[in-house]
Each structure stands twice: as structure tokens, then as C-alpha cells.
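To start, the structure under review is shown below, and the notes come after it.
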Amino acid sequence: MRRSLRPLLLLSLFACALLTATATPDDASPQVTQLLRAKDQALLDAIAPGQVKVWDEALADGAVYVDENGVIMDRATFLKQLTPLPAGASGTLVIASYQAALHGDVATVVHTDDETENYHGQTLKARYLTTETWQKSADDWKLLQIHTYAMLQDPPAQKLDAKELDAYVGGYTAGDVVYVLRRYGDRLIGQREGGSPVEWQAEVRDVFFNAGQPRIRRIFQRDATGKITGFVDRRESWDLVWKKVG
């Protein structure tokens with residue numbers, strides 16, 4: 001007896017529907033990308049002078065803004081705190097890279113922004129990573145959500161002399177884990193038991209970092225006589241304590 005084609009047909013239709021549902025979003029057209037990028041640059045240009053109107057026109061009702069410090073603001077709160085930079089300060093924000101993808105009438109955007117600030121004659125630099133959700137209304141695009149991250153960078157490294165570096169040399173423990181610091185010339189090298197050696201670079205005396213890990217600082221602790229008793233691995237406000245044993 002011949003097999004019915006109906007189950008095969010239903011299976012084929014189900015597979016097509018599944019592929020459609022899980023398909024990746026389309027890249028936004030050059031026209032849409034250009035339009036949204038221009039809108040975003042205008043929003044960035046409006047921050048330093050505190051031009052509330054520009055943001056008011058772009059934000060959707062119920063929009064949410066999460067700033068680089070993790071503060072979550074509703075539409076009204078964000079607009080209220082958008083004020084001009086104080087006297088003696090000026091700055092610019094310029095889009096460095098921009099990506100947009102379409103999900104029907106919604107666009108998701110990721111862009112990086114370079115900031116240059118002049119603060120009473122001194123120049124400060126920063127870079128931000130921003131993610132956004134835009135929605136197409138009947139006549140325009142409106143911003144539903146924006147989240148800005150400060151992109152961390154390694155601090156400038158300072159040179160310490162051999163005598164200063166020798167004070168850090170030795171073994172340290174955190175529970176049953178051992179960490180050893182050694183000096184090779186003018187370099188301080190650390191190695192966790194079973195791990196790979198890494199160079200420690202001084203930010204200031206008693207404060208070190210590893211290149212490419214700007215979230216973490218190694219901060220040495222001393223007793224009343226100035227002798228090193230250990231160090232802490234600090235990630236933001238959380239410390240992992242290491243005690244010196246030799």
C-alpha cells in the first residue's frame with residue numbers, strides 16, 4: 001500500500017515555519033541605517049548643550065534609558081537630568097562604528113561612540129558602547145530603549161625600581177590556592193598554581209593590573225610597619241583576599 005503524502009507535506013510545512021521563525025534578522029537597508037545613524041548622532045550632539053527638545057522628539061512614550069553607571073531612568077527622569085555641561089567644560093561625542101538590524105518594524109542598533117571633553121583646559125577621552133531599540137511608527141522612528149556602557153581601558157603603567165618590586169615577591173594563598181610573584185629584571189610576573197604566568201604592571205605603588213583586564217586591580221595591604229601582608233583581587237567593589245606566606 002502506498003504511503004500517504006499528507007504527513008510528509010505537514011512535516012515539510014512545519015520545518016519551513018520553524019526555519020522562518022528562527023531566521024536571523026535582516027541587516028537594515030543602507031537608507032534605514034543612514035537615517036538612524038543621523039538620528040543617533042543628533043542625540044549625541046544634544047547631550048553637551050543639554051538640548052532636551054531633540055531627545056523629547058526621539059523618545060517613545062514609556063522609553064527607558066540605562067546610563068553608563070547602571071542607573072535606570074524612565075523618560076521623564078532622563079529628560080529632567082539632561083542639562084548643559086557646567087562652565088569651563090565642553091565636549092563632543094562622535095559615532096565611531098554603527099550596526100543596525102531589522103526585526104519587522106523594530107530595529108536593534110549597536111554603536112560605539114568616542115568622547116572628547118575639555119575640562120578647564122585639560123582634555124579627557126572616553127569610549128562608549130551603546131545598544132538601542134527603535135520602533136517604526138506611522139510617520140517616524142521612535143527610540144524605545146537605550147543602554148550605554150563605558151568601555152574600560154587599561155590605565156597608564158608606571159615603572160617601579162627593583163627594590164620596590166622585590167617587596168612584592170613571594171607566595172600568597174587564598175584558601176588552598178597558591179599564587180607566586182617573581183621578579184625578572186624590571187618585570188613582576190605572577191602565576192597561580194596550575195595557571196599561566198602573567199605580567200603585573202603598576203598603576204601606582206601597591207596597585208597593579210594585568211593588560212587587557214581593566215576591571216581588575218591587585219591592591220597590596222601592609223601592616224603598621226609597612227610590611228606587605230597580602231593583596232586583594234578587586235573587581236569593581238568585590239575583593240578576593242590573598243595572604244602572604246613567603
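Number of residues in the range 166-185 that are touching an Asp or Glu at 6+ places or on another chain (Cβ under 8 Å) and either charged (D, E, K, R) or not assigned by TED's automatic domain parsing to the domain that holds GLY226 (or both) equals 1. Within the range 115-171, restricting attention to residues that are within 30 Å of PHE231 (Cα to Cα), part of a strand (DSSP E or B) and of a type in the set (A, V, I, L, M), which residue is nearest to the chain's Cα centre (by Cα)? If we take residues in the range 115-171 being within 30 Å of PHE231 (Cα to Cα), part of a strand (DSSP E or B) and of a type in the set (A, V, I, L, M), then ALA150 is nearest to the chain's Cα centre (by Cα).
If you go through the range 62-74 and pick out every residue that is more than 24 Å from ASN118 (Cβ to Cβ) and either touching a strand residue (DSSP E or B) at 6+ places or on another chain (Cβ under 6 Å) or touching a residue at least 60 places away in the same chain (Cβ under 8 Å) (or both), you end up with 7. When every residue of the range 75-97 is checked against the conditions, none turns out to be of a type in the set (Ser, Thr, Tyr), in contact (Cβ under 8 Å) with a residue 24 or more places away in the chain and either at positive phi or in contact with a Lys or Arg (Cβ under 9 Å, 6 or more places away or on another chain) (or both).
Whether any residue in the range 213-221 is part of a strand (DSSP E or B), under 18 Å from LYS159 (Cβ atoms) and among the β-branched types (Val, Ile, Thr) is what I want to check. Checking the range 213-221: not a single residue is part of a strand (DSSP E or B), under 18 Å from LYS159 (Cβ atoms) and among the β-branched types (Val, Ile, Thr).
HIS111 passes every criterion in (1) in contact (Cβ under 8 Å) with a residue 40 or more places away in the chain; (2) within 30 Å of GLY190 (Cα to Cα); (3) part of a strand (DSSP E or B) apart from (2).
Only one of the numbered conditions (1) outside the structural domain of LYS227 (by TED's automatic domain parsing); (2) in a strand (DSSP E or B) is not met by LEU188, and that is (1). Within the option set TYR172, TYR119, TYR128, TYR179, being aromatic (Phe, Trp, Tyr) and either free of Cβ contacts under 8 Å to residues at least 24 places away in the same chain or surrounded by fewer than 16 Cβ atoms within 10 Å (Cβ to Cβ) (or both) holds for one residue only, TYR119.
The values are calculated or read from the model by the stated rules, or taken from the named source; none is laboratory data. If you're wondering where the values come from, they're calculated on a predicted model, not measured in any experiment. Every residue, glycine among them, receives a Cβ derived from its backbone with ideal geometry; neighbour counts consider all protein chains shown.
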